[in-house]
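Heads up, the thing below is written out as C-alpha cells.
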Amino acid sequence: MPDCLTTQLPLRLVGGLTSGSIYALIALGYTLVYGVLQLINFAHSEVFMGGSLAGLLALEALTHHGAQTNAIFLFVALIPGMLAGGVVAIALERFAYRPLRRRGAARLSYLISAIGASLLLSNIVLLWRGRNFENFPATVAPVPILTLGNVQIYNRQIIIVVAMLIMTAGLDIFVRTSRAGKGIRAVAQDPETAGMMGVDINRVITVTFLLGGLLAGAAGVLYGMFFGVTRFDVGFIPGIKAFTAAVLGGIGNIRGALVGGLTLGVVENVGAGCCGNQWKDVIAFLVLVGVLMFRPTGLFGEGVGAKA
Amino acid sequence: MARRKLFAALAAVMALALIGSACSKKTETTTPKAVKGACTKTNILHVAAGLPGAPVHAAAAFSSLRAQGSKPTVSIGFIGDISGSNSSLVVPGRDAAKLAFEQANAKGDAPVTFKFIELDNKEAKETTAPALAQRLINDKTVMAVIGPAFSGETEAVQPLFAKAGIVHVTQSATRVSLTTHGFKTFFRSVGGDSDQGAAAAKLMKALGCTKAAIIDDKSPYGNGLGAIINTEAAKVGLTVVDRESIAPTVDYTSLVDTLVTKKPDVVFYSGYVPQATKVLKQMRERGVTATFIGGDGDKGANFAKDAGAANAEGVVFTCPCLDPNVANAAGDAKQFASDFVAKYNKKPDIYAAEAWDIAQMYIDGAKQCGAGVTRACMLDFITKIDGRKGLTKTFSWTTDPKVLHEVVDKGVNIYGIKNGEIVLFGPIQKFAS
C-alpha cells in the first residue's frame, strides 16, 4: 500500500479538512442560490474575493498606527469581511440577475450575466489594487496545539474547521426554523405557490444571496489569515473547487455542501500525496467529472426545500 | 436531464480553464550571517573561505583632455525588447549602457564621440530582429552592438553581424546553442542556466545538506533550471527526496505535507518571487526548518516583506549576476549603483551591471583603436580581451570553436537575506570549487 494511504494519511487528512472547510463555506453560497433559483452564481468567487479584500483593508486600518496584531483582530476583521461578502452578493442579485428574472430570460442568459459580473468585479479590483499579491497582516501566529501520532495540528487549522462548523450549523438552524428560512424552503419547493401564499419572493431571494455572501466573505477572511495573501483573482480556484464540492454533495443541499467540501478537500490532498502534488487540481476535477457521470445528483441529492 | 447536460458542459469548461494557468515576475536588491535551516553547516560565512567585496577594477583616469575641434562619431547599437512584456529584463541594461556612453562623452578622453542607438525589438521576436540588425549594419558609423538581449532574437541576427563583421556581446541571452555555431563576432558575457544549476548543487553540498527537495513553478525558466539542478545534485552525491513541478497557486498545503513527510534538509525553489515567498512562508508555518535556496528569479527586493521577515532570514540565492544594489556593495559596483540612481532615480535592476561592463569594453576599444576606429579593429579588441576586470566578473573568452567566445568566469554569485536585506556572500568559488 502506498504511504499516502498509510503513514502520510493522518497528515493529509488534516490538511484536506482545512482546505475542505474553506471549500464548504463557499459551496454553501452556490448551493443556497441554486436551491432557490436553480441558478449557478458563477460570480460567487468574487464574493469570496470581496470578503478577503475587506478583511485585509480592515486589518490594515486596525494596524495603521502600528498596533500589534493579535488573534482578536481576526474576529474583528471577520465582520467587515462578511458584510462585504453580503453586499457584493446582494449587488450581484440586484444588478446581474433580477433584471433578467423580470424578463423571464433563458437560463443561458444568467450564466453569461454571471461570467460578465465576475470579470467586471475582478477587473475593478485589479485596477484599484494592482496585480501584485497583498500581504495580510499576521493575526493568529501559527502554533501547534495538538499532536496526534506524528501529526501536528495547528491552531489556525482548528479555527478554520470550527468556524466552518459553527457557521454551517447556524445556517442549517436558520433555514429550518426561522421565518425567513421557511420562506427560502417554500420558494425552493415551488416559487409560484409560495408567491400565491404571500411569500415575498424577491425578499427571499435577497436573503438567500445575503446568507451565501456572509459565508463566502468569512471564508475569504479565513483564507487570508491562513495563506496570508489576497488579490483580484484569489477567488478563482477556491471558487471552482467549491462549485465542485457543491455538486459533489448534491447541489441545493446544505449538508451536502458541507460534506462535499470536506470530501473534496480530503480526496485532493490524499490524492496529491499518492500521485504527486502537481496533480492536486486535476484530482479535484476528476472527482467532479466522476460525480457527474455516475451520480449527477451528488452524494446527498438535490434540493434545499426537500432536504434542508 | 437538460440540467445535467448543462452541468456536464460547465464542468468540462471549468476543467479546461483550470488546465493551463501560469504566472511570473522577476526582480533584484541589498548586508550578512547565518543560514537558517537544517543543513549541518548553518553559518554560510564559515563555509565561505573569506568574504571579499565586489570585484574592483582599475580606477578610471582623471585626466580630462578637452576635445580640440570636433571628434568623429562612433555609434554603438543596442537591440532588445524595450517596450514589450519582457522589458523589465532589458531596460535596466539599456539604461546602464546609455549612462556609460554619456559619462564617456562628458569626460571626453576618448578620441571619438559615442552615439547610442537603441532599437526596440518588441516582444523579442526572431522575425523582426534581422531588419533591426540590418539597420545597424547599414549605418556605417556603427562599430559594435550590445545584445540582443534574448536568445531567440540573438540566434536570428548572429549570421548577419558575422557577415558584416560587427562585434556583438550579449548581456543576457543564455541559450546554450548560441556559442556553438562558431560565429567569430558573437560573445556572451553572462553565465547560462546550466552554470547556475551546477553552482546550486555544489552550494547545497558545501552547506552540508544531504537530502534535497527541488521544486519548480512549471515555467520554461523554472522547470529548466530545476531539471539541471536535479541532474547536478545527483552528480555531487545529494539525495533528491522530492522533485516536483507545481504551477503557481496560493494553497501549497499538499506540497508542505510532502515536505513534512520527506524531511529534506534543503529546499530549492526554482521560480519567481511571488511563489517562492508563499512556499517558504507556508513551509515555516508548518514547522519545516529546511534551508531554503532560490535561483535568480527568486531574488527580489520584496522577498523578506512577502515571506515575512522571520521566515526569510537565512534564505540563500544563487544568481549568475552581480547585483550592485546589495547593502554591502563596494568599490566600483557601489559607484555604479549611486551614479545610476542619481541619473534615473531608480536602482540598477537585473543585467544593468552586465550591460555596463560591455559598454566599458567598447569605450576602451574605441580609445585603443583611435579616431579612425573600424569594425575590424573593434572586433579584434574584444576578441583579445583576456583577464579584463569588470564590475560583474573577470572577462576572458573560450576559444574552442565548438563553444566559441563563452565567458570563462561565469560569475555565479551567492546572495542571502540578512536582517531583512539581500546581501552578497561572494562568488560560488568561495564555497565550492
Neighbour counts of other C-beta atoms within 10 Å: give me B:K235, B:K115, A:K280 arranged from fewest to most.
B:K235, B:K115, A:K280
Go ahead and collect, in residue order, the members of the stretch B:364-404 whose backbone nitrogen is under 14 Å from a label point 7 Å along the Cα-Cβ direction of B:Q335.
B:389-392
Hey, what do the phi angles of the stretch B:130-142 turn into as Karplus ³J(HN,Hα) couplings, whole Hz, using 6.51/-1.76/1.60 and θ = phi - 60°, x for Gly and Pro?
x, 5, 5, 4, 4, 4, 5, 5, 5, 7, 5, 7, 6
What distance in nm separates the simple spin-label points at B:T128 and A:Q189, each placed 7 Å from Cα in the Cβ direction?
6.6
With 10 angstrom as the radius, rank A:L17, A:L111 by how many other C-beta atoms surround their C-beta, starting from the fewest.
A:L111, A:L17
For chain A, take the longest principal axis of its alpha carbons; what is the angle in degrees between that and the long axis of helix A:9-37, to the nearest 10 within 0 to 90?
10
Just need the relative contact order of the stretch A:31-149 here, percent rounded to a whole number, with Cα pairs under 8 Å and 6+ apart.
38
1/(1 + (r/R0)^6) with r = Cβ-Cβ of A:L62 and B:Y344, R0 = 30 Å, i.e. FRET efficiency to nearest 0.05, evaluates to 0.20
Compute the FRET efficiency between A:I79 and B:S83 as 1/(1 + (r/R0)^6), taking r as their Cβ-Cβ distance and R0 = 45 Å, and round to the nearest 0.05.
0.45
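To the nearest whole number, what is the average tally of beta carbon atoms from other chains within 10 Å of the beta carbons of peptide B:272-280?
Average neighbour count from other chains, rounded to a whole number: 2.
Over 18 Å between Cα atoms: which of B:K107/B:K346; B:K305/B:K418; B:K299/B:K347; B:K262/B:K418; B:K202/B:K262 fall into that group?
Listed pairs above 18 Å: B:K107/B:K346; B:K262/B:K418; B:K202/B:K262.
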Subtract the Cα-Cα distance of B:A106 and B:H181 from 0.36 nm times their separation in residues, and report this length gain in nm to one decimal.
23.1 nm
May I ask for the angle, rounded to the nearest 10°, between helix A:155-177 and the longest principal axis of chain A, with both axes built from Cα atoms and the value confined to 0 to 90°?
20
Going by alpha carbons, how many degrees (0 to 90, nearest 10) lie between the helix axis of A:107-129 and the longest principal axis of chain A?
50
Test of understanding: what is the full-extension gain from A:I72 to A:R179, defined as 0.36 nm times their sequence separation minus their Cα-Cα distance?
35.2 nm
Assigned charges on the beta-carbon of Lys, Arg, Asp, Glu; the protein assembly as shown dipole about Cα centre (debye):
840
Taking chain A and dividing mean pair separation by its residue count, relative contact order in percent (alpha carbons under 8 Å, at least six apart):
37
Among B:F395, B:I422, A:L288, the residue whose Cα sits farthest towards the positive end of the charge dipole of the protein assembly as shown (+1 at Cβ of Lys and Arg, -1 at Cβ of Asp and Glu, taken about the Cα centre) is A:L288
Could you pull out the pairs from B:K184/B:K410; A:K280/B:K410; B:K343/B:K367 whose alpha carbons sit more than 29 Å apart here?
A:K280/B:K410
So the compactness index of the stretch B:260-380, its C-alpha Rg divided by 2.2 N^0.38 Å, takes the value 1.48
Using a 10 Å cut-off around each Cβ, can you sort A:T69, B:T277 from fewest to most neighbouring Cβ atoms?
A:T69, B:T277
Given B:K122/B:K393; B:K140/B:K334; B:K263/B:K334, which pairs have Cα atoms separated by over 31 Å?
B:K140/B:K334; B:K263/B:K334
Peptide A:244-252 - average C-beta neighbours from other chains (10 Å radius):
1
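Sort B:205-216, A:41-52 by packing, meaning the average of other beta carbons within 10 Å per residue, with the highest value first.
A:41-52, B:205-216
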Treat every Asp and Glu Cβ in the stretch A:24-239 as -1 and every Lys and Arg Cβ as +1, leave all other atoms uncharged, and give the resulting dipole magnitude about the Cα centre to the nearest 20 debye.
420
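FYI, it's all coordinate maths here, none of it is from the lab. Here the structure is a predicted model, which is why all the values come from computation and not from measurement. Counting neighbours? That spans all protein chains shown, and the Cβs are built from the backbone with ideal geometry, glycine included.
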